[in-house]
Amino acid sequence: MIQRTVILLFYSVLVMLSAPGHAADISHEIRQSAPETSGFLEFTSDLSYYRVPIIGFVETRATNPSDPAGGLRIGLHGMFEWRDFFFEAVHGSSSNFAFGYNAWENERSRVALLFSSQIGSYTPGTVPGYVSVRDRDADLQFGIRSTHYQDNNIVQLELGVDSTGRGNGVVAAWQFGHFWQLRNWNLHALLGLRYFSADIVDFYFGIDESEVSEQTAVYQADHGVLTTAEFGAAIPLNEKWVFRTNATVDRLPDSVVDSPLTQARMAYDFSVGINYIF
């Protein structure tokens with residue numbers, strides 16, 4: 001498994017270097033309607049309405065994750081670059097954070113080697129009835145990310161392998177974004193497919209014999225593909241303030257939906273807010 005993964009990573013590097021484009025995480029670039037060629041820092045504040053139907057994943061709604069929740073969210077996100085190294089934590093991204101090195105680029109593409117976290121930690125054991133279930137720690141993947149530009153389109157490819165020693169899990173992703181302008185509004189749409197190998201899905205959503213309770217039977221998860229669709233709009237209020245609205249819908253794979261820790265297939269997030277760009 002490890003040998004096949006290394007070969008696949010090496011092959012992916014050759015394929016992507018043969019393509020003729022620049023890049024941060026696609027989520028930020030597509031929302032600002034331009035490639036990110038330097039660091040940024042942005043203060044985010046929005047009113048949100050969301051659902052994450054996984055036991056213990058959202059503390060404010062931990063006992064009823066299939067029900068929607070909402071409220072005010074305030075945060076800070078950005079990217080820092082030094083020479084060819086970078087660190088990024090992007091609000092609303094498929095990655096919690098990424099640290100890496102820009103290995104190659106031209107006018108239309110960039111290839112980076114990076115460590116990233118694709119799945120955040122969560123604590124199902126804090127929910128009544130699920131105290132037998134262990135906490136799930138955040139993952140850490142090492143891999144490659146390639147971003148390509150053509151007119152108002154961005155395509156981003158990722159391939160990563162587990163670097164925590166918990167297994168030989170693989171994450172592979174394809175994301176396509178398109179942006180356009182309508183009067184003073186910057187509009188964007190994003191479609192993503194993210195593959196998680198069985199090792200990763202089972203670690204986060206499987207149930208072993210020591211975790212069995214009235215709510216949780218033994219469950220061994222298989223691989224799966226997460227599908228994401230996003231649409232958003234933004235309008236500058238002045239040089240520093242931007243009004244944004246965004247809608248994201250995730251379709252969870254069967255291997256996640258069948259887990260005793262999941263209560264519905266669809267997750268979503270709708271938000272409207274004002275951001276300040278430093």
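Apply 1/(1 + (r/R0)^6) to the Cβ-Cβ distance of Phe85 and Met266, taking R0 = 35 Å, and write down the FRET efficiency to the nearest 0.05.
Working: r = 38 Å, r/R0 = 1.08.
The computed FRET efficiency comes out at 0.40.
When the Cα centres of the range 182-258 and the range 86-138 are compared, how far apart do they sit, in Å?
12
Which of Trp185, Ser255, Leu113 sits farthest toward the positive end of the charge dipole of the chain, with +1 on the Cβ of Lys and Arg and -1 on the Cβ of Asp and Glu?
Trp185
For the chain, just say rounded, prolate or oblate: build the C-alpha gyration tensor, square-root its eigenvalues into a ≥ b ≥ c, call rounded for a/c under 1.5, and beyond that prolate if a/b exceeds b/c, oblate if not.
Taking the square roots of the gyration eigenvalues as a ≥ b ≥ c, the chain is oblate.
Subtract the Cα-Cα distance of Asn96 and Asp67 from 0.36 nm times their separation in residues, and report this length gain in nm to one decimal.
8.1 nm
How large is ³J(HN,Hα), in whole Hz, for each residue of the range 149-164 in order, when computed from phi with the Karplus curve 6.51 cos²θ - 1.76 cosθ + 1.60 and θ = phi - 60°, using x for Gly and Pro?
10, 8, 6, 9, 10, 10, 10, 10, 10, 9, 9, x, 10, 4, 10, 9
Between Lys240 and Gln220, what is 0.36 nm times their sequence separation minus the Cα-Cα distance? Round to one decimal in nm.
2.3 nm
Which ³J(HN,Hα) values in Hz, rounded to whole numbers, follow from the phi angles of the range 124-136 under the Karplus curve 6.51 cos²θ - 1.76 cosθ + 1.60, where θ = phi - 60° and Gly and Pro get x?
Per residue, the Karplus-derived 3J(HN,Hα) values read x, x, 7, 8, x, x, 10, 5, 7, 8, 5, 5, 9 Hz.
With +1 assigned to the C-beta of every Lys and Arg and -1 to the C-beta of every Asp and Glu, and no other charges, what is the dipole magnitude of the chain about the Cα centre in debye, to the nearest 20?
The dipole magnitude comes to about 600 debye.
In terms of modelled amide H atoms, which long-range or inter-chain residues lie less than 5 Å from the amide H of Tyr268?
Arg51, Asp250
Helix-only estimate, please: 222 nm mean residue ellipticity of the chain, summing -39500 (n - 2.57) across DSSP H runs of length 4 or more and dividing by its residues, to the nearest 500. Don't jump to the answer; show the numbers that get you there.
Working: 4 runs with 35 residues, N = 278.
Calculated at 222 nm, the ellipticity per residue is -3500 deg cm²/dmol.
Read-outs throughout are calculated quantities, based only on the coordinates presented, and are distinct from any laboratory measurement. Please read these numbers as outputs of a predicted model, since none were measured by experiment. Ideal geometry is used to build each Cβ from the backbone, glycine not excepted, and the neighbour counts take in all protein chains shown.
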